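Visitor: This structure is in structure tokens; I'll ask about it shortly.
The values are calculated or read from the model by the stated rules, or taken from the named source; none is laboratory data. Nothing here was measured: the structure is a model prediction, and the numbers come from that model. In this analysis, Cβ positions are derived from the backbone assuming ideal geometry, glycine residues included, and neighbour counts consider all displayed protein chains. The accessibility values were calculated without ligands, DNA or RNA, using every heavy atom of the protein model including side chains. Shrake-Rupley method; radii C 1.70, N 1.55, O 1.52, S 1.80 Å.
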Amino acid sequence: YGFCCLYCLHKTSRKRFVLAIFLASAATFTLASGQVVWLVGFISLLHQSLIRRSASYFYPLCWTIAAAMVLVAWRLGLETPNTLLAMLTHFFNFPGHHVLYFLTLLGCAVTENSVALAAMAGMTMIAILVVCTVKSYREQDLRLELCCWFVVLSVAAIVLGRSFTSVDYALSSRYSFPSVLMLTTTWVLVAVRLDIKSRKLFLLAGLLAATYCVSSYYVYSIPLQYLAEKRVKNYNEDNYWAWPHPKRESNAIVAQAVSLGIYQPPSQPLPDPRIDSGGRKKENSLKLEQK
């Protein structure tokens, strides 16, 4: 939704503008970090108004009003200790932890076990993005830069909500998707800005992407096997744990749902999940459990 929103805001018109507001709203209510698209979209409209002189100031003004309305609606009835003030206070108390967490999460697509390597990759992509943005800010089309900044700000939002964990938690496969987006978008950005036209280089990039895609299923199946086994074991023992609720509370919720006919659990016991391949299944599960 965020990428499509930024695409619609490029060379904006009334119809494209209305569609962009709808897409930004969808991004907001789909994922909490999607809210940052309002900021990136505002920058896009300002760029068109101030630098390109191709759009009226009416657009960024209306965008600001729409953003305020949607963000207020998103917060109506929200009860959480993770308020913006609480997250910012935590950030200023531990800025180094947040910065390292941010760089690690941004670059975790390149490694699953090295914080230093992931942070270095994140720092490299940020540096490339800053250079490209400074050199191209007067260009007519900044969609690639804006998409990269959308990913960067989304990662920053995720870090504010997750940084209470240790930095190596940012290497978890479940959090690598924004990093993969950043890696691929950065490659496209560099290819466009350097006007790369080598077919051999494009073929190599395609082969690397395909190899990465296929190998991900092999690499990520290892921790997924362990998590699936743990989830099935809890279910078979009637433990319906859900973070951050204690088991007594979450079990009571499930029991009430069953009594009201809202939830009909399947028969027990569930069979052991089969995700990881070969004889590595038990070995890897034991190693992860020891960690």
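Visitor: Under 27 Å between alpha carbons: how many lysine pairs meet that in the chain, if sequence neighbours fewer than 8 apart on the same chain are excluded?
Guide: Lysine pair count for the chain: 19.
Visitor: Please state the relative contact order of the chain as a whole percent: Cα pairs under 8 Å, 6+ residues apart?
Guide: The value is 15 percent.
Visitor: Mean projection of the alpha-carbon convex hull of the chain over all orientations, in nm²?
Guide: On the way: hull surface 78.9 nm².
Directional mean of the projected Cα hull area for the chain stands at 19.7 nm².
Visitor: Quick one: Cα convex hull volume of the stretch 1-47, Å³ per residue?
Guide: 50
Visitor: Which residue, chosen from Ser179, Val130, His97, occupies the Cα position most advanced towards the positive end of the dipole of the chain, where the dipole is computed from +1 (Lys, Arg) and -1 (Asp, Glu) charges on Cβ about the Cα centre?
Guide: Projecting each Cα onto the dipole axis, the largest value belongs to Val130.
Visitor: What accessible surface, in Å², does a 1.4 Å probe find on Leu78, ignoring ligands, DNA and RNA and rounding to the nearest 10?
Guide: Only protein atoms counted, so the area is about 90 Å².
Visitor: Now for a separate question. If the chain between Met120 and Trp74 were fully stretched, how many nm would it gain, using 0.36 nm times the residue separation less the Cα-Cα distance?
Guide: Working it through step by step, the gained length comes to 13.1 nm.
Visitor: Another question about this same structure. With every protein chain present, what is the per residue accessible area of the chain (1.4 Å probe, Å²)?
Guide: So the chain comes to 62 Å² accessible per residue, rounded to a whole number.
Visitor: What distance in nm separates the simple spin-label points at Lys135 and Phe94, each placed 7 Å from Cα in the Cβ direction?
Guide: Calculated label separation equals 3.8 nm.
Visitor: Next question. Could you calculate, for the stretch 189-236, the ratio of the Cα radius of gyration to the Kirkwood radius, expressed as Rg to Rh?
Guide: 1.37
Visitor: While we're looking at this one, here's another question. Relative to the longest principal Cα axis of the chain, at what angle does helix 37-46 sit, 0 to 90 degrees, rounded to 10?
Guide: 10
Visitor: From the protein chains alone at 1.4 Å, what is the descending order of accessible area for Cys147, Cys213, largest first?
Guide: Cys213, Cys147
Visitor: Hey, another quick one. Counting only protein heavy atoms and a 1.4 Å probe, tell me what percentage of the chain's accessible area is made up of carbon and sulfur.
Guide: 67
Visitor: Continuing with this model, one more query. How big is the dipole moment of the chain about its Cα centre under a simple scheme where the beta carbon of each Lys and Arg is +1, that of each Asp and Glu is -1, and everything else is neutral? Debye, nearest 20, please.
Guide: Its charge dipole is roughly 880 debye.
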